[in-house]
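The values are calculated or read from the model by the stated rules, or taken from the named source; none is laboratory data. From a predicted model like this one, the values you see are computed outputs, not experimental measurements. All Cβ positions, even for glycine, are placed from backbone atoms using ideal geometry, and neighbour counts span all protein chains on display.
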Amino acid sequence: MFNRENKIEKFKDAETIIGASIKVKGNFHGQGNIVIEGSLEGSLKTDANIFIGEKAKVVANVEAQDLMVNGEIKGNVKVKNYLSLGSTAKISGDIAYSEMSMEKGATINGQLFAISETEKKSIKNSVKEDLEK
Amino acid sequence: MHVYIYDDYLNKTRYNKAINRMEIRLTDLGLNGKIIRLSGIKNIKSAIQNEMRLGAKTIVAVGNNQTVNRIMGAIIEADIYSDFQKNTLLGIIPIGNDNSIATSFGIKNEEDACNILLARRIERIDLGLIGDYYFLNEVEVESRGTVINLKDYSLEIKDKGFIKIINLINDKNNPINSNPHDGKLDVYVVTKKNTQSLMRLDKFEVVSEHPIIVDGVIEVKSPVTISVAKNKLNVIVGKNRCFQ
């Protein structure tokens, strides 16, 4: 989903783009790719991928398949596949991941957990259940 | 049988030439039908319902966006519409200004519209529903201070700009590839700080202190619920329509 320049390759394919002028409050659960450039308070889940832009502020627990972070997250993060932290990423919370890359300058204030295959499935199921509700 | 419904404003002499061209073309193509002029009718719904009872298969709105919206509302709110849903079609012959709906359907002018009626290319499309009012194209509202409420979350827009809630685009160059078959409305926000947002939603409430304008002609009061009526209307479209 992400290219080397930390941008979404298929930006046009994003189901949801939350621009810098938008503030989201509540439980934001989507099905497609999500781009967050604005602010969000609550929870953020998708069964696809999430891109958090440089100026974005997310105060929420975040769950996704792939997650690219360049902004700030205050909350726990669960990523089924690949987590990429850009140089401006700041995460305050625990992180569960399968694979991860981190650029110089990124900061994490929390614990890191590598997730097992069983946990991967449970993440996928919990997202599906939320979407079906 | 075709029923042609002419809007009031077409009585003005400046539209005579266009009306004549259209009527000649319809005659040439063998598409003549009954003509109803809205200026002489108080209750458009009952008039259209009567025509549907009498077997009208195609109702053609002759006029602009406002004409189409009035006639479309009358067709789908008619009690008998559900019985005849598969048969009753809406056609459009655009005359004058404010014809973005015809543009969406790939109809350029009145003569082109006649050819499209003859070709009879039919699409069954979603409609937007704002309050009790159906719309084809889009709803627009100033973005600053407007809040969109959904079941589980809300969206608040901080900066000046506009919000477009799109069912059907009227410009092929529009970056939003809106599709009136997907059961969703595209909520597109562009601010003066040049930030863009896009969400695909099916039901939500809009709260705003600014006017909420439907298809460029009608103002609706806030707060209002907006949703999608899926596969609600059969329309005759041109091959150059703005959607697939």
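Just the residues that are among the small types (Gly, Ala, Ser) and either farther than 13 Å from A:Val59 by Cα or modelled with pLDDT under 95 (or both), please, taken from the stretch A:71-97. Break it down stepwise before answering.
Initial filter on the stretch A:71-97 (among the small types (Gly, Ala, Ser)): A:71, A:75, A:84, A:86-87, A:89, A:92-93, A:96.
If the condition is that a residue be among the small types (Gly, Ala, Ser) and either farther than 13 Å from A:Val59 by Cα or modelled with pLDDT under 95 (or both), then A:Ser84, A:Gly86, A:Ser87, A:Ala89, A:Ala96 are the ones that fit.
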Give just the number: which of (1) more than 20 Å from B:Val190 (Cβ to Cβ); (2) more than 10 Å from chain B (Cβ to nearest Cβ); (3) buried (at least 22 other Cβ atoms within 10 Å of the Cβ) does A:Phe51 not satisfy? (1)
All positions within the stretch B:192-226 that are away from chain A (no Cβ under 14 Å), touching a Phe, Trp or Tyr at 6+ places or on another chain (Cβ under 8 Å) and not charged (D, E, K, R): B:Val214, B:Ile218, B:Val220, B:Thr225, B:Ile226
Looking at (1) within 14 Å of chain A (Cβ to nearest Cβ); (2) surrounded by 21 or more Cβ atoms within 10 Å (Cβ to Cβ); (3) among the polar types (S, T, N, Q), which is the one condition that is false for B:Asn137? (1)
Kindly indicate whether any position in the stretch B:218-230 is part of a strand (DSSP E or B), without any contact (Cβ under 8 Å) to a residue 60 or more places away in the chain and closer than 29 Å to A:Ser39 by Cα. no
Looking only at the stretch B:172-184, decide whether some residue is surrounded by fewer than 18 Cβ atoms within 10 Å (Cβ to Cβ), in contact with a Ser or Thr (Cβ under 8 Å, 6 or more places away or on another chain) and not assigned by TED's automatic domain parsing to the domain that holds B:Met72. no
Given the condition under 22 Å from B:Ser100 (Cα atoms), at pLDDT below 90 and among the charged types (D, E, K, R), answer yes or no: does some residue in the stretch B:197-215 qualify? yes
Restricted to the stretch B:1-42 and to residues being closer than 17 Å to B:Glu111 by Cα and of a type in the set (Asp, Glu), the residue surrounded by the fewest Cβ atoms within 10 Å (Cβ to Cβ) is B:Asp28
Among the residues in the stretch B:226-237, are any farther than 25 Å from B:Val60 by Cα and among the β-branched types (Val, Ile, Thr)? yes
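What about A:Lys90, is it on the phi < 0 side of the Ramachandran plot, touching a residue at least 12 places away in the same chain (Cβ under 8 Å) and surrounded by 15 or more Cβ atoms within 10 Å (Cβ to Cβ)? First the steps, then the outcome.
Values: on the phi < 0 side of the Ramachandran plot: yes; touching a residue at least 12 places away in the same chain (Cβ under 8 Å): yes; surrounded by 15 or more Cβ atoms within 10 Å (Cβ to Cβ): yes.
Yes.
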Identify, from the list B:Thr195, B:Thr146, the residue that is surrounded by 20 or more Cβ atoms within 10 Å (Cβ to Cβ) and touching a His at 6+ places or on another chain (Cβ under 8 Å). B:Thr146
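Please tell me if B:Asn149 is out of contact with any strand residue (DSSP E or B) (no Cβ under 8 Å at 6 or more places or on another chain), touching a residue at least 40 places away in the same chain (Cβ under 8 Å) and either within 14 Å of another protein chain (Cβ to nearest Cβ) or among the aromatic types (Phe, Trp, Tyr) (or both).
On the way: out of contact with any strand residue (DSSP E or B) (no Cβ under 8 Å at 6 or more places or on another chain): no; touching a residue at least 40 places away in the same chain (Cβ under 8 Å): yes; either within 14 Å of another protein chain (Cβ to nearest Cβ) or among the aromatic types (Phe, Trp, Tyr) (or both): yes.
No.
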